């Protein structure tokens, strides 16, 4: 057997073992985290995430090591942050959110350089690139931090986080455009016209994703709950500029969400000069279920090498919904008043919007990678015959995998309700067969935030006296 045959065979074994191991570990970790979240043991989920980061976390009661940013485990920082927030340890939650946010510094100051790095990683395996939270995830970081600061009586810090969320929403489009531009530039450097702009390429790829034709993404990038929270926050202010900004945000939401009882009532108030002037309103923000996940979709892709056509394995991420229909039944009760939980957004639709905008860049990077692998397969066949071609094909298939990393504990949807206080000291949220009683502050308006990841699970509740 020639040396080239031995080399290819050894590389094939190594590549397949290593990639299978990495993929298997990720799937196993996701399954373990989901299982713990479903029990409602949020502290255990947080400790599990911290263990992956490398933080010594023996138990909730024992002294824990300080949180230090680990760029290799950004997603674990996010999972730990939200799990600690739901458990009620706000300080620990903020430490992890701050750590995860550090990963955004480079991408937001030098989008092009980061995108170019992703293209380089895609030539081998896109999961090798350091994970950077998506624009939607970045906005949700600031959304949860704002909720936390507001609930702790630190409105100035909450304002900072809401401003960051708003800024990241506006700059998301620029980030998408630069990612696509860098991917196209890399294709040009490889002297390839195999980009998503090529109708032939788009047709072949789109045939593998027929569900995308049924999606209804937002016309522009937006994370409605973050926008609503900022509109509500500013609407409670006495500053005219805040009130004007609040009105603009509510009007923008109205154009996206459509008719909505709570949104319409809020907009009517700010148009008259202030939210709930009688100071006896209750806003109930309910987050239900779990957001979508990315799953790998593999298929054969023909590559024209200039001398022949070879079939190369391609793997791209595909969205899969995880929303539990049992959570669709939801109502709010306060004394003799009742109202339904009316959605203002679904995470599926938010991520679909983001996915459609990032998809051209993802496809272009993957196609560039496929072309490089196809040429390598062709050359291996010419140098090593059929055995060389088979081994090279095994190698390229082994190192081809989709990047399906994302923040798994994001909610499935967001609902908002608004009621007037009527003397009852409690509000009840009836959802998926269980009733959650929530005490109100003694007087004044309240914002209540409820998060229930699974039916019959344990709800995380935050009450903010306004």
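For residue 312, indicate whether it is more than 21 Å from the chain's Cα centre (by Cα), part of a strand (DSSP E or B) and surrounded by 18 or more Cβ atoms within 10 Å (Cβ to Cβ). Answer is yes for this residue.
When the stretch 335-358 is filtered for residues that are over 11 Å from residue 430 (Cα atoms) and over 15 Å from the mean Cα position of the chain (by Cα), the ones remaining, listed by number, are 335, 336, 337, 342, 343, 344. Under the condition of being under 23 Å from residue 236 (Cα atoms) and either assigned to a loop (DSSP other than H, G, I, E, B) or without any contact (Cβ under 8 Å) to a residue 12 or more places away in the chain (or both), the residues counted in the stretch 430-464 number 6.
Residue 272 meets the conditions (1) surrounded by fewer than 19 Cβ atoms within 10 Å (Cβ to Cβ); (2) farther than 15 Å from residue 340 by Cβ; (3) touching a residue at least 24 places away in the same chain (Cβ under 8 Å) in every case but one. The failed one is (3). Looking only at the stretch 205-234, residues that are farther than 15 Å from residue 169 by Cα and either surrounded by 18 or more Cβ atoms within 10 Å (Cβ to Cβ) or touching a strand residue (DSSP E or B) at 6+ places or on another chain (Cβ under 7 Å) (or both) come to 6 in all. What are the residues in the stretch 327-338 that are in a strand (DSSP E or B) and under 25 Å from residue 227 (Cβ atoms), if any? Within the stretch 327-338, 330, 331, 332 meet the criteria. Restricting attention to the stretch 261-277, which residues are out of contact with any helix residue (DSSP H, G or I) (no Cβ under 8 Å at 6 or more places or on another chain) and modelled with pLDDT of 95 or more? The answer is 261, 262, 265, 268.
Only one of (1) surrounded by fewer than 19 Cβ atoms within 10 Å (Cβ to Cβ); (2) outside any helix (DSSP H, G or I); (3) in contact (Cβ under 8 Å) with a residue 12 or more places away in the chain fails for residue 237. Which number is that? Condition not satisfied by residue 237: (3). Looking for something under 24 Å from residue 161 (Cα atoms), modelled with pLDDT under 65 and surrounded by 13 or more Cβ atoms within 10 Å (Cβ to Cβ) - is there at least one such residue anywhere in the stretch 35-54? For the stretch 35-54, residues under 24 Å from residue 161 (Cα atoms), modelled with pLDDT under 65 and surrounded by 13 or more Cβ atoms within 10 Å (Cβ to Cβ): absent. Checked against the criterion of being over 22 Å from residue 375 (Cβ atoms), buried (at least 21 other Cβ atoms within 10 Å of the Cβ) and either in contact with a strand residue (DSSP E or B) (Cβ under 6 Å, 6 or more places away or on another chain) or free of Cβ contacts under 8 Å to residues at least 24 places away in the same chain (or both), the stretch 292-303 has at least one qualifying residue. Of all the numbered requirements in (1) at pLDDT below 50; (2) closer than 30 Å to residue 151 by Cβ, residue 71 misses one, and that requirement is (1). Of the candidates 107, 111, the single residue that is at pLDDT below 95 and under 17 Å from the mean Cα position of the chain (by Cα) is 107.
Inspect the stretch 361-371 for any residue being surrounded by fewer than 20 Cβ atoms within 10 Å (Cβ to Cβ) and modelled with pLDDT of 70 or more and give the result as yes or no. No, the conditions are met nowhere in the stretch 361-371. Tell me whether the stretch 398-419 contains one or more residues that are on the phi < 0 side of the Ramachandran plot, in a helix (DSSP H, G or I) and modelled with pLDDT under 90. Yes: the stretch 398-419 contains one or more residues that are on the phi < 0 side of the Ramachandran plot, in a helix (DSSP H, G or I) and modelled with pLDDT under 90. Residue pairs whose Cβ atoms lie under 8 Å apart, separated by 6 or more positions or on different chains, with the first residue in the stretch 339-356 and assigned to a strand (DSSP E or B) and the second surrounded by fewer than 19 Cβ atoms within 10 Å (Cβ to Cβ), are 339/261; 339/331; 340/331; 342/261; 346/323.
The values are calculated or read from the model by the stated rules, or taken from the named source; none is laboratory data. Treat the numbers as computed from the prediction; the structure is a model and nothing was measured. Cβ sites come from the backbone with ideal geometry, for glycine too, and all protein chains shown count toward neighbours.
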